[in-house]
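Read-outs throughout are calculated quantities, based only on the coordinates presented, and are distinct from any laboratory measurement. Computed from a predicted model, the values in this text were never measured in an experiment. Glycine gets a Cβ as well: all are built from the backbone with ideal geometry, and neighbour counts include every protein chain shown.
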Amino acid sequence: MAELDNREVLPSIFDSTSTQPPLFDGTTRLYTAFTCPYAQRAWIARNYKGLQNKIQLVPISLDDKPTWYKEVYPPAKVPALEHNNKVTGESLDLLKYLDENFEGPRLFPDDPAKNEFTEQMLAYAGTFGGAVLSHLKGAPDTEMIAAFDQIEDALSKFGDGPFFLGQFSAVDIAFIPFVERFQPLLLELKNYDITSGRPKLAAWIEELNKMEAYKQTKWDINELTSAFKKRVLGK
């Protein structure tokens, strides 16, 4: 496992006053945002595969984006990866791109059954997030509870480790940035403990919190939840 030995010194955040890095100069860059859960997916994958010295982080301010970023990546969203004279976006697509184009531990399995399950879970990630968000915005808790129950069941699918596929994979990366935010938000706003009665989920969170590749991407939880409430919940 390509884990980090020391905490990475993070670059300053690029805002509207920041100079654009040279484009397509041979440097591979991950345009990210430290508080964005989608961008966190690509950041975790980069770390896990041991690519800290090969992929440069370019953190973008979501509240004060540089005007030049739209020229780099027209949707102006994060994450985006500058590699081989092109810029690619969409967090789940980038997990596959990083796995196919860079060295390091694999994020996607070779086993057919696990590969099929991976695709199912990645397809479910948006549904899961939507169910939780609906409840945070005032909908009944039925779908939210069912969503976390489905995560608990999914963590029981393979018995050879604490993660979704037994070993750490793209599926864990897809879900953890959102669980990281949903856990404190649901406790704060709804007095709901997502791990109560879900031992697999509790163990999964505990194991992930031991992984340097993930720990390096964790931001101040108060800043994360504040940003999430502002951007997504309008609070």
Over segment 112-233, what number does the Rg to Rh ratio reach, with both radii from the alpha-carbon atoms and Rh per Kirkwood?
0.95
Once the Cα atoms of the chain are picked out, what are the Rg and Dmax in Å?
17.7, 52
Return one number: the angle in degrees, 0 to 90 and rounded to the nearest 10, between the long axis of the Cα atoms of helix 170-190 and the longest principal axis of the Cα atoms of the chain.
70 degrees
Could you tell me which residue out of Pro11, Ile44, Pro199 lies farthest along the dipole of the chain toward its positive end? Charges go on the beta carbon: Lys and Arg +1, Asp and Glu -1, centred on the Cα centre.
Pro11
Give the total of Lys-Lys pairs in segment 112-233 with Cα-Cα distances below 13 Å; include a pair only if its members are 8 or more places apart or on different chains.
6
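How big, in percent, is the set of alpha carbon pairs in segment 113-178 lying more than 15 Å apart? Mind showing how you got there, number by number?
Details: 1091 of 2145 pairs.
Cα-Cα pairs in segment 113-178 separated by more than 15 Å: 51 percent.
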Magnitude of the Cβ-charge dipole (Lys and Arg +1, Asp and Glu -1) of the chain about the Cα centre, nearest 20 debye, reported as 580 debye
What is the Cα centroid distance between segment 18-37 and segment 88-115, reported in whole angstrom?
21 Å
May I ask you to list the residues of segment 217-235 whose amide nitrogen lies under 19 Å from a point 7 Å from Cα along the Cα→beta-carbon direction of Ser134?
232-234
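How compact is segment 1-106 by the rule of thumb for globular proteins, expressed as Cα Rg over 2.2 N^0.38 Å?
Normalised Rg, Cα atoms only: 1.01.
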So if I place +1 on the C-beta of Lys and Arg and -1 on the C-beta of Asp and Glu, and nothing else carries charge, what would the dipole magnitude of segment 1-106 be about its Cα centre? I want it in debye, nearest 20.
140 debye
Of all DSSP beta bridges having both residues in the chain, the percent classed as antiparallel (nearest 5) is 60 percent
Spin-label point model (7 Å from Cα, Cβ direction): what's the Asp149 to Asp93 distance in nm?
3.6 nm
Give a residue-ordered list of calculated ³J(HN,Hα) values for segment 204-215 (Karplus: 6.51 cos²θ - 1.76 cosθ + 1.60, θ = phi - 60°; whole Hz; x for Gly, Pro).
4, 4, 4, 5, 4, 5, 8, 8, 4, 4, 7, 4
For a protection proxy built on the mean count of beta-carbon atoms within 10 angstrom, sort 108-115, 81-88 highest first, please.
81-88, 108-115
